[in-house]
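**Student:** What follows is a single structure, and I will ask about it in a moment.
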Amino acid sequence: MRELSAEARLHLYARTFSRKTGTRIHTAALYGAFAVIAAIVFGTLSVHPF
């Protein structure tokens with residue numbers, strides 16, 4: 001098995017790091033969307049217009 005050059009290892013590490021970061025950003029965006037929806041729902045339920 002051939003040994004990877006330093007440049008190839010760096011590229012592989014950067015790709016792996018980018019993939020993990022992208023997954024975390026999507027997860028945070030999903031939870032953020034649920035939090036906004038929950039805030040709107042609970043906010044409208046707590047208003048007494050009459």
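The values are calculated or read from the model by the stated rules, or taken from the named source; none is laboratory data. Please read these numbers as outputs of a predicted model, since none were measured by experiment. Just so you know, the surface numbers come from the protein's heavy atoms only, side chains and all, with ligands and any DNA or RNA stripped out. Shrake-Rupley method; radii C 1.70, N 1.55, O 1.52, S 1.80 Å.
**Student:** Of the residues Ala14, Ala39, only one is open to solvent by less than 60 Å² (accessible area, probe 1.4 Å) and on the phi < 0 side of the Ramachandran plot; which? I'd like the intermediate steps shown before the answer.
**Tutor:** Values: Ala39 fails: open to solvent by less than 60 Å² (accessible area, probe 1.4 Å).
Criteria check complete, one pass: Ala14.
Residue-by-condition table, conditions (1) modelled with pLDDT of 90 or more; (2) in a helix (DSSP H, G or I):
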residue: Glu3; (1), (2): no, no
residue: Tyr13; (1), (2): no, yes
residue: Ile25; (1), (2): no, yes
residue: Tyr31; (1), (2): yes, yes
residue: Ile37; (1), (2): yes, yes
residue: Leu45; (1), (2): no, yes
